[in-house]
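Peer 1: Okay, here's the structure, questions in a sec.
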Amino acid sequence: MKSPIGEDITNVFIVEDHNLVRRAMGQMIQRTPGLSLCGEAATAEAALAKIPACKPQLVLIDISLPGMNGIDLIRVLHEKYPSMLLLALSGHDESVYGALAIHAGARGYVMKGKREKVMEAIRHISNDHIYVSDKLRAILDGTV
């Protein structure tokens, strides 16, 4: 079965410490043709323990996590699984944390609460593109 992003079913893992947000994201993933929720965790440490068995192609990562933060988790996952697609999610200003997430290995950065942007970002990074806002792109390009 081909997904809307042009590939077979994509297994997605969610790392988010807020249960309601994690549940809502999981439901959104499950309702999207071509995507399948293979696992979730509330902490980076739990994610590192569960991800090897789940084998996701894509991991959605909140950058504000208890214990190890999401930026450090992105760095660890990127080093351990270089082909894994990592998408940073945050309520924090992208001009502060977005570049850190991208430099750590994330393929995109999306502000929380923008559901349609999360799905757009998933499509972009699944097609080997970086997904960031114009503001963050200008920061990364050094024009701001």
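The values are calculated or read from the model by the stated rules, or taken from the named source; none is laboratory data. Keep in mind it's a predicted model, so treat the numbers as computed, not measured. No Cβ is skipped: glycine too gets one built from the backbone with ideal geometry, and neighbour counts run over all protein chains shown.
Peer 1: So which of L48, L20 is modelled with pLDDT of 95 or more and outside any loop (DSSP other than H, G, I, E, B)?
Peer 2: L48
Peer 1: Could you please tell me which pairs satisfy a Cβ distance under 9 Å, a separation of 6+ or placement on different chains, a first residue in segment 58-77 that is in a loop (DSSP other than H, G, I, E, B), and a second residue that is buried (at least 24 other Cβ atoms within 10 Å of the Cβ) and not hydrophobic (A, V, I, L, M, F, W, C)?
Peer 2: These pairs meet every condition: I63/G70; I63/Y109; S64/G70; L65/E16.
Peer 1: Just to be sure I understand, how many residues within segment 77-97 are in contact with a Leu (Cβ under 7 Å, 6 or more places away or on another chain) and modelled with pLDDT of 95 or more?
Peer 2: 6
Peer 1: Would you point out which residue out of G105, G98 is surrounded by 18 or more Cβ atoms within 10 Å (Cβ to Cβ), in contact (Cβ under 8 Å) with a residue 24 or more places away in the chain and either within 17 Å of F13 (Cβ to Cβ) or not small (G, A, S) (or both)?
Peer 2: None of the others qualify; the one that does is G105.
Peer 1: Across segment 33-62, what is the total count of residues that are under 19 Å from E116 (Cα atoms), in contact with a helix residue (DSSP H, G or I) (Cβ under 7 Å, 6 or more places away or on another chain) and not acidic (D, E)?
Peer 2: Within segment 33-62, residues that are under 19 Å from E116 (Cα atoms), in contact with a helix residue (DSSP H, G or I) (Cβ under 7 Å, 6 or more places away or on another chain) and not acidic (D, E) number 6.
Peer 1: Mind listing whichever residues of segment 52-70 are surrounded by 22 or more Cβ atoms within 10 Å (Cβ to Cβ), aliphatic (A, V, I, L, M) and more than 10 Å from the chain's Cα centre (by Cα)?
Peer 2: L65
Peer 1: Here is a list of conditions, (1) at pLDDT 95 or above; (2) in a helix (DSSP H, G or I), and E120 meets all of them except one; can you say which number that is?
Peer 2: Answer for E120: the failing condition is (1).
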